Structure formats: structure tokens, C-alpha cells
Amino acid sequence: MAGRFYITTPIYYVNAQPHIGHAYTTVAADALARFHRLLGEDVLYVTGTDEHGQKNVEAARQAGVTPQEHVDAKAAAFRRLFEQMHCSFDRFIRTTEAEHVRVVQDVFARLRDSGDIYKGQYEGWYCVPCETHFLEKDLVEGKCPDCKRDVRRAQTEAYFFRTSAYAERLLRAIEENPDLIGPESRRNEVVAFVSQGIQDACISRKASEWDIPVPGDPEQTIYVWFDALVNYLTAAGYLQDEAQTAKWWPPDVQLLAKDILVRFHGTIWPAMLMALGLPLPTRIFAHGFWLSADESRGDDVRDRKISKSKGDLVSPYETAAQLADVSGCKMDVAIDAVRYFYLREMSFGLDGVFKLEAVMQRFNDDLANDLGNLLNRTLPLVERFNGGAVPTPGSSAGALAEQICAAAEGAREALVRLDLNGALAAVWQLVGAGNRFVDERAPWDLHKSGKTEELDATLYDLLDCLRAVGILVSPFMPTVAQEIWAQLGIGGYAAEAAWDACVAGRLAPGGRIARTQPIFPRIDLRRAATRLDSRREQEPDRGKAGEKPMADEAIPVEVSIEEFARLDLRVAEITTAERVEGKDRLLKLTVSLGEETRTVAAGIAREFPPETLVGKRVVLVANLKAAKIGGVASHGMILAAGEQVPLAIVTLDRECPLGTKVR
Ligand code: MSP
């Protein structure tokens, strides 16, 4: 009987906009979940959001909503993105769910009863953005070792988890199960970290309104990381349903990036499970980071990865929209193409650089030229030489049988190793073999010379190969797989087929193909570049100060309060202002939002000399899509009055903190 497969992603902090990094882990998990479903396994694939922590209270206050309203909206944005990205998660877990809160408190109480959690004095350092306590020795040049920001002294009474008691057992477990933590380089980091001696982890803090209370101690709330890690247990039914827990525990694969491996998933997490007497996950795998193009060199410190605070947030949906725009493909296909790019471009485990140009290149090379080409060549041949019907194969069919088996075996083996891009490479070997087969067999010649049986066998083999390709690509590109099957005239769903059906000869003869438009129209890369540039230029400054006035008809008569609330307007201070060479209207401004600094381009140079602007408190549209304007990467827009020319900059009539929301 086929087994079961439990796979998790990290649960994401809701204080960021969902971006490529979050989508990557969740899409990778989705491909693995879909693959295991094709193997006939019962799958539990869990993703979700991490919603406690003081940052949310602060963000909610600034947004003028309750913390619950704030996290509800943010969690919905993550969920929506993952759904848009065709992720087929079975459970979207949120740490504010009542059931989870109860499980966290129960786990805490159990570990306190067993002596694994004790109360002590905490003295050390605390990093506010990371919500993490550090010991003196863990600081790097006096700063947070993770985000490199300032830390502050903290001394309080707190609860500790006896991580140190499990160090030896953990090292033994890692040694005995080389698969437990991967890839190898990351496993070595965990071993080095644990071997140098680990301290007990501080897992509570002075009570705060938004975190989970320590059971029986109203003075303390549970540290967000302890709370977050328990999600993997909650989702498996732990302390709620014994049969469910027995079925799903332990996870087969836990995916995350390298940022949260060593301290959390590689150390505290297995120690917590040991303390609870639970089996460890089969595999904890830390992949690399997506970096933005200009950050691809140098070390891999956390703040080099693509992130919101750097202002280089890459929206997966926007990438797909751009791809659909320049290629003319359907949006669902574009989304699948972005999934393909993520999983093919980056070796699972290493870092990768994101460039839209590379997405378009892969779209043309792998999807249009290889996969699309095989389909677009085969179907017209079947129409021309067999009236659009799947021919009867005859005894000479099965010429691609070996290649089909090799691709299915190669991809299976790779996916079991979590080598996602290796699996795609194996599938593309088959696509290549199919394309070569068309050239070698030259069906048009077979037709001309009246070799009907050979012609039928050739066409059948090609259609049958495409059927198998449909199944093989379905974990990565589920909609594309379905399109392929639909064009082949196969009923049912590719994603619901069996991996074992990836053998030659399973296509029923006699069916009718149903060719439609090419799935992947080739992109004209030169035209696409121009189109994307003008798209970027058009978007940022609409309606503002002389740059590009918005057409009257585009201004809606009314907007609802909800529509207005989508604008994130913030108090900001202009800290620097300079002219942009060759652009007589443009100023490059640096504005401070308190914790964050942005670069903003503004078309106000003729009316406002730069030196008159420094120190001004202005209103910034903070969630305007980033864009390049006159060569300046602009992350927001300052408000000004005036239609064609800016007459006045919107300022504030009294002091208020930078970053305050404007409503
Ligand atoms: N809430 C914690 C995780 C708790 S799990 C019990 C957290 N959240 S996070 O929002 O910061 O998400 C971190 C994860 O997002 C990474 O481990 C990775 O899965 C994904 N990524 C975020 N940025 C990324 C890149 N730039 N590149 C690849 N993945 C990255 O940490």
C-alpha cells in the first residue's frame, strides 16, 4: 500500500508583503506534494502564517486597526498569493487559531512538568526586529548576528528550555541519520553550532497583549519562535487527535531557507521533539536565497536576500503578469512558467539570482522552443496525416519507451532526493528526445513514401510521449500539464494520474486531439524589453506633478473607503535631494520613514530647488509599486498639489513621528 507524506514550509511572518522568497519555498513544497500524490500517497502539505509578536501590534496601531484585523488581512494576502501560484496546500495554519494556541500552551505545560522548561534569570541582548534573545558571545561586533542591527540589553525573569540537555543526543541523531538535515554543507553548520556548546533557550518574555500567555503565569508570554515551531505539531493533530497524530507524525520533509536552520529548525526544534518524546522529522532541508541581481556577489548575510526592507521586493504574481503581457500567454500558464523558472533556475540548496530577463529567456528556450515545440509540431502532423485521431500503434510503436522510463525514473529519483531542478532536467531529456524523434522519423517522408504503419507508430509514439510528459511536468506546472492533456484530447486530469502511468503505450487509440492556440507563444525579447520599460515608466508617477498626467476618464468618480485604505500613506522626512543628470525635471530624494529609508524620484526639480527640500516633512505613498524613473529606482511617491506642474508639496502642520500613517 502506498504510504503517506507530510511536508511543511515555514510559517511566514505577516509583517512583510509576500514575495518571491515565500513563494519559492511554498511552490517547491507544492511540487513535492503533487509528486507524492502521483505516487498514490496520502499527502498532508502545510503552509501558513506566523502571527504573534509585538511588531504586529505596532503595525496594527499604525494602520489604525486591531491586531487581529491586521493579521487577518496579512494572512489573507499570503494565502491568496499561494493560491494564485497554484499551490495545493491541504492546510493553511495560522498561529492565532484557538486550537494552535491551546496546543502551544499544552506543550509548554508538559515540558515544564517534565523539567525541560524551568524559570531563571535572563541576562543578555535582544534584537527587536528579529525578536530574538542573544548571549554576549553570539553577537557579531556587538550587533545582532542575524540581521546585523543594534541590539539592546535585556535582563528579566524568564522561562528557559533545556536545549543543552539534548546536545549530545542531537549530535548522535544527526550522525546516525545523514538525511536528517540537508544539504550537507548546512548540516555541517548545525553540527559545528551544537558542538561548540549550546545554551538553554529563553522561551518567554514579560507578558505582552498579543502573544500566547504562559499557562498559569500571567506575568509571561511565550516566545514567538517556540509558538511558531509548534505549528508543525498542531497541523498533524498533536494533542487533538491521536489517530491523526499517529498517521502524520513525523514529517517526511520540512523545507525552509538557510536563515532559520541553525538555531531554530536544526537545534531547538529537534530538542523540543526529543523532550516531548516524539520522533524527529525524516528530513529538514534548507534551501538557498533568491538574491536581487546586484547583490549576487559577496557573502550571504541575511539582508542581502531579496526582502521588503531593501525595497527590492519581487512579487511573483507581478512577474507572471509581466510574462503574460510580453508573451501573450494565459495568466495561468504564466504562473506555471514562473514556478518552472523558480524550480529550474535555482539548484535546490544554493542561492540564485532573480532577473526578469532570465525568466523570459527560460520561457523561450525551455518552454516555447522545447516543450511547446514538441506539442506544436506533433498535433498538426496528427491532423494532417490521421485526421486528428490518435492512430492505432501497431507492432513497431514504442520507440520512445526507454526514454519515457528513463525520464520517469530519473525524475522520481531526483525528487526523492529533493533535487527539483535535477528532476526537471530529466524530464527535459525526454522532451529533447521527442523533438529529435520528429526530425529523425520525418513523418512527412513516411507519408510521402506510403509507409502507413510506420507513420502511425511514429505519431502514436509522439502523442504517447506527450501524455507522459504531461504527467511528469504536472507537479511543477499543473495548469500547463492539463492544457497538454486537453490538447491531446485525453479526458481526466494529468495531476490525478499515476506516476506509474509514465510508461509507453498507455494512450488509448482512436481518441481525437483538440489542438488550440500554442501554450507558450515565443517572446520577442527586444520588443519585450521596450514594453517592460514603458510599463515601468508609466506606472509610478501617474497624476503627479507635471510628469504624466492621468487621463481624466481614468479617474473614478468615487472610491470606497476600502479602496482608499489600500493606499499606504506615511509621514516621511526628506533627508537628501539631488538633481539627476540629463533630466531637468527630476530629483532623486532620500526619505526617512523612521526605521526605513527609501529612494524616491520626483518630477519637481524645476519648481523646487533640491536645497529647499531637505528636512521637509512630507507625505509618502509608501506602497506604490517600485519603478525606474529616469534611471532612478524609485520606491514611493511624495504628494504634491497641482495638475500639470507641482504648485506645492504636501507637508504637515505639526510634529508627528516619522512613519505615522496618514488617512
Ligand atoms: N516566521 C518565521 C518562520 C517560523 S517557522 C516555524 C520566519 N518567517 S519569514 O517570513 O521570515 O520566512 C522565512 C522563510 O521565507 C525562509 O526560511 C524561506 O523559506 C522564505 N524566504 C524568505 N526570503 C527568501 C529569499 N530571499 N529566498 C528564498 N527563500 C526565502 O522566518
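Orientation-averaged projection of region 48-142 equals 9.5 nm² [convex hull of Cα atoms, one quarter of hull surface area]. One chain, two ends: Ala293 and Ala442. Fully extended at 0.36 nm per residue, the span grows by 49.3 nm beyond their Cα-Cα distance.
Kirkwood-based Rg over Rh for region 353-501 (C-alpha set), two decimals? Radius of gyration relative to Kirkwood radius: 0.98.
Couplings 3J(HN,Hα) of region 211-224, computed from phi: 9, 7, x, 5, x, x, 9, x, 6, 10, 10, 7, 4, 4 Hz, in residue order, whole Hz [Karplus 6.51 cos²θ - 1.76 cosθ + 1.60, θ = phi - 60°; x for Gly and Pro]. Hydrodynamic analysis of region 332-392 uses the Kirkwood radius over alpha carbon pairs. Inserted into Stokes-Einstein at 20 °C and 1.002 mPa s, it gives a translational diffusion coefficient of 158 µm²/s. Region 577-650 and region 1-31 have their alpha-carbon centroids 38 Å apart.
Return the tail of the calculated pair distribution for region 561-662, meaning the percent of Cα-Cα pairs more than 20 Å apart. Cα-Cα pairs in region 561-662 separated by more than 20 Å: 34 percent. Checking the table Lys148/Lys628; Lys148/Lys616; Lys55/Lys148; Lys148/Lys258; Lys55/Lys137; Lys119/Lys258 against a 24 Å threshold on Cα-Cα, which pairs fail? Over 24 Å Cα-Cα: Lys148/Lys628; Lys148/Lys616; Lys55/Lys137; Lys119/Lys258.
Counting 0.36 nm for each residue step from Asn188 to Leu278 and taking away their Cα separation leaves a gain of 30.0 nm.
For the pair Glu409 and Ala508, what calculated FRET efficiency results from E = 1/(1 + (r/R0)^6), where r is the Cβ-Cβ distance and R0 = 22 Å, to the nearest 0.05? That gives a FRET efficiency of 0.35. Between Glu157 and Asp524, the modelled labels are 7.5 nm apart [label points 7 Å from Cα along Cα→Cβ]. Once every Cα of region 87-243 carries one equal point scatterer and solvent is ignored, give the base-10 log of I(q)/I(0) from the Debye formula at q = 0.10, 0.14, 0.17, 0.18 Å⁻¹, two decimals. At q = 0.10, 0.14, 0.17, 0.18 Å⁻¹ the computed log10 ratios are -0.43, -0.87, -1.23, -1.33.
Cβ-Cβ distance of Val416 and Thr576, R₀ of 45 Å, FRET efficiency by 1/(1 + (r/R0)^6): the value works out to about 0.25. Along region 26-31 the Karplus relation, 6.51 cos²θ - 1.76 cosθ + 1.60 evaluated at θ = phi - 60°, assigns HN-Hα couplings of 6, 5, 4, 5, 5, 4 Hz to successive residues, with x for each Gly and Pro. Scanning residues 5 or more positions from Tyr12 or on other chains, those with amide H under 5 Å from its amide H are Gly48, Thr49, Asp50, with H placed 1.01 Å from N in the peptide plane.
Remark: spin-label model distance Ala321-Thr516 equals 2.3 nm, labels positioned 7 Å along the Cα→Cβ axis. The phi torsions of region 472-488, fed into the Karplus equation with coefficients 6.51, -1.76 and 1.60 and a -60° offset, translate into couplings of 5, 8, 4, x, 8, 10, x, 6, 4, 4, 5, 4, 4, 4, 5, 5, 7 Hz, rounded to whole numbers, with Gly and Pro shown as x. The modelled label-to-label distance for the pair Glu611/Ser195, using points 7 Å beyond Cα in the direction of Cβ, is 6.2 nm. Dividing the mean sequence gap of close Cα pairs (under 8 Å, 6+ apart) by how many residues the chain holds gives a relative contact order of 11 percent.
Over region 472-524, what is the relative contact order in percent, taking alpha-carbon pairs closer than 8 angstrom and at least six residues apart? Reported as a whole number, the value is 37 percent. Restriction of the GluC sites (Glu not before Pro) in region 123-214 to DSSP coil positions whose beta-carbon has at most 10 other beta-carbons within 10 angstrom yields Glu141, Glu209. The Ala109 and Arg169 beta-carbon pair, evaluated with R₀ = 22 Å, returns a calculated FRET efficiency of approximately 0.45. Here's how it looks for Gly352: its modeled amide H is under 5 Å from those of Phe289, Trp290, Leu291, which are all 5 or more places away or on a different chain. The antiparallel fraction among DSSP beta bridges confined to the chain stands at about 65%. Gain on full extension, evaluated as 0.36 nm per residue between Asp653 and Lys451 minus their Cα-Cα distance, stands at 64.0 nm. Report, in whole Å, the centroid distance computed from the Cα atoms of region 133-179 and region 222-240. Comparing the Cα centres of region 133-179 and region 222-240, I get a distance of 20 Å. The helix-only estimate of mean residue ellipticity at 222 nm for the chain, built from DSSP H runs of length n ≥ 4 each weighted as -39500 (n - 2.57), is -12000 deg cm²/dmol after division by the residue total. Taking amide H atoms as placed 1.01 Å from N in the peptide plane, the amide H of Tyr45 lies under 5 Å from those of Ile7, Asp90, Arg91, each 5 or more residues away in sequence or on another chain.
Derived from the Cα gyration tensor, the three semi-axes of the equivalent ellipsoid of the chain are 46, 38, 20 Å, largest first.
For region 4-290, taking the reciprocal of the average inverse distance between every pair of different Cα atoms yields a Kirkwood hydrodynamic radius of 19.4 Å. Relative contact order of region 353-501: 25 percent, from C-alpha pairs under 8 Å at least 6 residues apart in sequence.
FYI, it's all coordinate maths here, none of it is from the lab. In this text the structure is predicted, and so the values were computed from the model without any measurement. Note: ideal-geometry Cβ built from the backbone for every residue, glycine included; neighbour counts use all protein chains shown.
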